[in-house]
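First comes the structure, then the notes that go with it.
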Amino acid sequence: MQLLDGKFVSEKFKQQIAVEAAEAFHEIGRKPHLVAILVGHDGGSETYVASKMKNCEEVGFKSTLYRYETIITEAELLKKIEEINVDTTVDGLIVQLPLPGHISADKVSEKISHEKDVDGFHPVNLGRMQRNLPSFLPATPYGILLMLSEYGIETAGKHCVVVGRSNIVGSPMSILMARNANPGNCTVTVCHSRTPDIKKFTLDADILIVAIGKKNFITADMVKDGVVIIDVGMNRETSTKTKSGYKLYGDVDFENVAPKALWITPVPGGVGLMTIIGLLKNTLGSAKKEIYP
Ligand code: GUN
């Protein structure tokens, strides 16, 4: 078993991004600029957004955070997005999910200009992704592709099983792994809450990508020897043993599954850090007008 080390790989990418951000500064006369909007006080979202902002500073980007209480109306939020869309000093705009029940994530995603949609959630970017055209890729799937590339993991012709079909991870991941690209060219199976006998599929997986949000969902009896496992789980539990008061668990029973795997991502220290890289690379690409010249 070998670890797909998100900490090591993400640090390497961050150094490269910092160099390119400095170059971009000379070309466009300002730092790449990411704006994030956070509504409410969801504990996970607070942590993730803080980390995104901190990472921007570390690579020499400008970052701005707009915070709103849960009572903000959908119309107010959409108006703020429109303002940012036309602000020529902003390269990327993300609205952290989940949103309160009275605000439609779909409406928000469609309101963000596809040219600033560094989360890659806008239908234009999703459509272009599916067609293998230049687009902003959703940050987590993008980070996973970078990780697979970095470790030279062969994907062509492999059976990739994706567990979970969320808009953020499972669905775009399944499209990317099936694309005629590298990484890609897999035969892809998507399993979800209505799949009977998920084990039947996971047992046949050469590459298993799990994004279902359930601690220890994948157990040792569900995988074959030599599998490559990407664990996207971010399950937070309160803990008295950590400084933050939380401990993070993946969707995979790491202790028992890892001995059977050829490659596996740890949690924490795996995919989460690569998600940030996906976001930073999209923001840099936007500042340099690489996707939409
Ligand atoms: N919530 C969980 N993952 C993400 C992400 O990649 N982007 C946004 N905006 N919200 C999220």
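A search for C-beta distances below 8 Å between a residue of segment 36-60 that is among the hydroxyl-bearing types (S, T, Y) and any residue that is within 11 Å of the ligand (Cβ to nearest atom), counting only pairs 6+ apart in sequence or on different chains, returns S45/L38; S45/Q96; S45/L97; S45/P98; Y48/Q96; S51/I276. Checking each residue in segment 136-152 for being away from the ligand (no atom under 15 Å from the Cβ) and either crowded, with 19+ Cβ neighbours inside 10 Å or aliphatic (A, V, I, L, M) (or both) picks out M147, L148.
The set of residues from segment 241-285 being polar (S, T, N, Q) and either at positive phi or surrounded by 24 or more Cβ atoms within 10 Å (Cβ to Cβ) (or both) comprises T265, T275, N282, T283.
The numbered conditions (1) in contact with an Asp or Glu (Cβ under 8 Å, 6 or more places away or on another chain); (2) more than 16 Å from the ligand (Cβ to nearest atom) are all true for V39 except (2).
Is it fair to say P100 is touching a Cys at 6+ places or on another chain (Cβ under 9 Å), open to solvent by less than 70 Å² (accessible area, probe 1.4 Å) and modelled with pLDDT of 95 or more? Judged against the criteria, P100 is not a match.
Scanning segment 70-127 for residues that are in a loop (DSSP other than H, G, I, E, B), more than 10 Å from the ligand (Cβ to nearest atom), among the small types (G, A, S) and in contact (Cβ under 8 Å) with a residue 60 or more places away in the chain yields a total of 0.
Quick one: would you say T140 is touching an Asp or Glu at 6+ places or on another chain (Cβ under 9 Å) and of a type in the set (S, T, Y)? Here the answer is no, as T140 does not meet what is asked.
For segment 69-97, a tally of residues being among the basic types (K, R) and either surrounded by fewer than 17 Cβ atoms within 10 Å (Cβ to Cβ) or under 21 Å from the mean Cα position of the chain (by Cα) (or both) returns 1.
The values are calculated or read from the model by the stated rules, or taken from the named source; none is laboratory data. In this text, all values refer to a predicted model and were calculated from it rather than measured experimentally. When we count neighbours, we look across all protein chains shown, and the Cβ atoms used for this are built from the backbone with ideal geometry, even at glycine. Surface accessibility is based on the protein's heavy atoms, side chains included, excluding ligands, DNA and RNA. Shrake-Rupley method; radii C 1.70, N 1.55, O 1.52, S 1.80 Å.
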